[in-house]
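Okay, structure first, notes after.
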Amino acid sequence: MPHASAIVVGAGMLGLALARALALRGRRVVVFERHERAVGASLRNAGAVTPLAVADAREREQARRSRAVWREFCDAADVWHDPCGSLVPAYDADEWTLLQEQAAAADDGELLDAAAARRRCAWIGARGLRGAWFSADDLLIDPRVALRRLPDWLAERHEIEFRWKHVVTRIDYPYVWSGGRRHAAEQIWLAGGADTATLLPDLPPTLPPASRPRLLLRLAAQNDGFRLGSLVSNVAALVQGAAFTRPSASRLRERTGTDGVPDLRLLQSGSGELLVDAAFVATDNDAATAQRGALDTVRRLVELPDCRIQQAWTLPCLAGADAGAAVEALPGVTAVAAPGPAGLGLTTAFAFAEDVVAGASRARPADVELSARRA
Ligand SMILES: Cc1cc2nc3c(=O)[nH]c(=O)nc-3n(C[C@H](O)[C@H](O)[C@H](O)COP(=O)(O)OP(=O)(O)OC[C@H]3O[C@@H](n4cnc5c(N)ncnc54)[C@H](O)[C@@H]3O)c2cc1C
């Protein structure tokens, strides 16, 4: 039987992961979300659950634990997902050197020569291809589907209550105000994404500011039967995101930054749509230049039959903290931001939330205060 209450503000990826983690620890959880469903970064991201892109060993372990939860949810709720792994092709000599260094040091991937890379993905650009890194860990979901179904699964499985269309306008522990009423809880967790700071303007600057904007391009549907076979990233995506840290990585990071190469991933959803997710080191590109730069990189990586853009949008990527952040903003009120310098909330949130809640539930000033008040 649940023994204590917690309110979570925000039903994005992080809010949902926190709600689950709190419920697993026996808390009765109510989630307040200002919209009908989550709408923020969690709905409009690329959908890659990608341990490969995570920088350090502890976070990679979190990413693998989170991936297991994704699989459990997708299998149980019959939600599309594709455990397709990631392919990172190398074309330039310095890229190939880095992949070889990575292969010598890592035990969680495979170095492929050019022929083996083409066998994994027949569409990989052949011109100048030296080889590729393959990681079987990565998984694709469609956030538009998964993030809509996840709350129902959590409600059913963990008896989490959702108050949709409930904007939280004020927080004064132990109360949150929404819809003209106040609601009390022993713990209050803020996972409002970019808007967390507006709820608590005095929040310490530990929560990361918005960082580089990401450009997303939805491409035209390809010929019948076209399947990419795996998530495809350029080497720049792994060095700019600091996932590849071998000696050549910093030189390559500098070189790709100077050359204006975006860090870029190409993914294919269950319905066959192709999505390009790119970020540039230079933030002053106009939209046309950025789109052209992204498509040039796509054409080098993959021999796509049709590169026409159907839809383009940019999103600021919240999170400058590698490891995510949880700040006790007021006694009993914890503000949380997703991990990853490039935003990796989908990849790590389930395990990150479990760890944050486990730490918090050991030493919560609010718990101490409440039990003292009751005594
Ligand atoms: C372009 C882009 C691509 C990305 N691709 C990937 C990827 O492929 N893989 C990956 O792992 N990560 C990716 N990310 C990162 C990932 O999407 C984020 O880390 C994650 O979605 C952050 O979730 P969140 O819950 O913190 O924030 P959000 O998704 O912004 O959710 C916050 C929620 O809080 C609600 N809210 C805010 N204020 C209030 C209030 N006052 N009252 C009630 N509700 C409120 C909002 O309505 C919203 O639903 C990407 C990010 C971007 C921007």
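The values are calculated or read from the model by the stated rules, or taken from the named source; none is laboratory data. Predicted model only: the values in this text are computed from it and were never measured. Here the Cβ is made from the backbone with ideal geometry for all residues, glycine too, and neighbour counts use every protein chain on show. Please note that ligands, DNA and RNA were not included when accessible areas were found on the heavy atoms of the full protein model with its side chains. Shrake-Rupley method; radii C 1.70, N 1.55, O 1.52, S 1.80 Å.
Things worth noting here:
- DSSP-defined beta bridges in the chain - what % are antiparallel, rounded to 5: 75
- Base-10 log of normalised Debye intensity for the chain (one unit scatterer per alpha-carbon) at q = 0.08, 0.09 Å⁻¹: -0.41, -0.52
- Whether the range 45-136 is rounded, prolate or oblate, judged on the alpha carbon gyration tensor where a/c under 1.5 counts as rounded: oblate
- Mean-square fluctuations from a GNM of the chain, with a 10 angstrom spring cutoff on Cα atoms, peak among L330, L147, L87 at L330.
- Residue-wise HN-Hα couplings along the range 11-20, as the Karplus relation 6.51 cos²θ - 1.76 cosθ + 1.60 with θ = phi - 60° gives them from phi, are 10, x, 4, 6, x, 5, 5, 5, 4, 4 Hz; Gly and Pro carry x.
- For the range 86-182, the solvent-accessible area of protein heavy atoms averages 49 Å² per residue (probe radius 1.4 Å; ligands and nucleic acids excluded).
- Rounded to the nearest 20 debye, the dipole size of the range 239-281 about its Cα centre is 260 debye, using +1 on the Cβ of Lys and Arg and -1 on the Cβ of Asp and Glu.
- Charge sum, other residues only, whose C-beta stays under 11 Å from L267's C-beta, Lys/Arg counted +1 and Asp/Glu -1: -3
- Top of D56, D306, D113 by mean-square fluctuation, Gaussian network on the chain, Cα under 10 Å: D306
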